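The values are calculated or read from the model by the stated rules, or taken from the named source; none is laboratory data. Computed from a prediction, not measured in an experiment: that's the story for all the values here. A quick note on method: Cβ atoms are made from the backbone with ideal geometry, for glycine too, and the neighbour counts reach across all protein chains shown. Areas reflect the complete protein model, heavy atoms only, side chains present, ligands, DNA and RNA absent. Shrake-Rupley method; radii C 1.70, N 1.55, O 1.52, S 1.80 Å.
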Amino acid sequence: MQAKRWMAALLAAAMPWSGAGAACLGMQVHAHRGAPTLPENSLASIRAAYAGQWDGVEIDMQRLKDGRWVLHHDVLTGRSVTGVGRRAVLQLSSADWRGAKLAGQGGGQPPPFLDDALQVAATQPGKTFNAELKVVYRDCAPVGKLVAGMKTALPHGNWMITSAFPEALRCVRGTDPDGYLGLIVFDPRHADAVSANPLGKYVSQRATAPTLNRQWLANLAKTVGAPVGVHVDAMTLAANPQLLRDAAAQSVRVFVYAVGGDAALAQQLRATRQREGYLPSGVIIDGDAQAFCRAVGG
């Protein structure tokens, strides 16, 4: 298993992880929280993403108080998952989760456990299961158990774990020495997009972009261990014009996502390609994969 993951990582540094990626100027294209028009982080959105033109699907993982892992983005329920009030996911039990409902068009079903999503992903060896670890835990034991379970459930090896917390990625690395891990870099200029209160607006108006230079990339590789990548938004990429060139020189993959929407991301990638001659390893988008690729290529 370790040899298979290591070989996959070596190939990933040189080429897309599936044939569909080659059609998008060499970039992997992942569906953000599943296919659009369906409830986010639902089994229906995951299945639709796998059946569509995306190269993979990105989901969010959190742990319930009894140790079961579920798919959910926000720290609190109430937006995408209803029926249990507005509560922290870590305070809910498996029984609570089974009694909850997915919100939005096409919702009404119980939200999935991670095991359900892994069963779907196991049938799709040609497409990447991109799983974001949303929360940092006090010790590595829960994360180690999670990763061991994912390795068993997905023997094809075409999966990655990402997180905004280096500590979480170090926990993953302790159990999976060969798999690709991605550090998500939050740009504080987007604080107003993730927090509707006045503090978010105050922070975003006064914040500066993170600096991602060669030394930062070297520290990332040292801290997390290879193979590793950095996942940034379009604004951060624009503020670090040498990022793709420097990352390529250090065998660090770069994925880019858009807080401001797919059109803004496509525009930024066109500008980056014209200026630097580089494109990222992959993108995480909210809409149609083919339309996005046409927009970048146009």
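Computed quantities for the displayed model
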item	result
Formal net charge of residues neighbouring THR223 (Cβ-Cβ distance under 14 Å; K, R +1; D, E -1)	+2
Neighbourhood net charge (12 Å Cβ-Cβ; Lys/Arg +1, Asp/Glu -1) for ALA49	-2
Mean separation of Cα contacts under 8 Å, 6 or more apart, over the residue count of region 59-213: relative contact order %	16
Stretchable slack from ALA218 to PHE165, in nm (0.36 nm times residue separation minus alpha-carbon distance)	17.4 nm
Computed Kirkwood radius, in angstrom, where 1/r is averaged over Cα pairs of the chain	19.5
Where trypsin sites (Lys or Arg not before Pro) fall in DSSP loop in region 136-192, at most 13 other Cβ within 10 Å	ARG138
Cβ-based charge dipole, region 191-298, positive-most Cα from LEU279, GLN215, GLY298	GLN215
Förster radius 30 Å - calculated FRET efficiency between PHE186 and ALA248, Cβ distance, rounded to 0.05	0.85
Members of LYS65/LYS145; LYS65/LYS222; LYS101/LYS145; LYS101/LYS127 lying beyond 25 Å, as alpha-carbon distances in this model show	LYS65/LYS222; LYS101/LYS145; LYS101/LYS127
Computed lengthening from ALA122 to ARG98, 0.36 nm per intervening residue step minus Cα-Cα distance	6.4 nm
Label point distance in nm, ALA264-THR37, each placed 7 Å from Cα along Cα→Cβ	2.5
For ARG63, net neighbour charge (Lys/Arg +1, Asp/Glu -1) across residues whose Cβ lies under 11 Å away	+3
Hz values of 3J(HN,Hα) by residue in region 288-295 - Karplus curve (6.51, -1.76, 1.60), Gly and Pro given as x	6, 5, 5, 5, 5, 5, 5, 5
In Hz, Karplus ³J(HN,Hα) per residue of region 41-57 (6.51, -1.76, 1.60; θ = phi - 60°; x = Gly, Pro)	6, 9, 4, 5, 6, 5, 4, 5, 5, 5, 7, x, 8, 6, 8, x, 10
Accessible area per residue in Å² at 1.4 Å probe, computed on the chain	44
Whole-number percent relative contact order across the chain, with pairs defined as alpha carbons under 8 Å at least 6 apart	17
Range of Cα positions in region 113-188 per principal axis (Å), largest first	36, 28, 25
Per-residue [θ]222 nm for the chain (sum of -39500 (n - 2.57) over DSSP H runs n ≥ 4, rounded to 500)	-11500 deg cm²/dmol
Residues with amide H under 5 Å from that of ILE184, placed H, sequence gap 5 or more	SER163, ALA164, PHE165, HIS231
Share of carbon and sulfur in the accessible heavy-atom surface of the chain [1.4 Å probe, %]	55
Two-site label geometry, ARG68 and VAL203: point separation in nm, points 7 Å out along Cα→Cβ	3.2
Amide H within-cut-off set for TRP159, under 5 Å, with H built and near neighbours excluded	PHE129
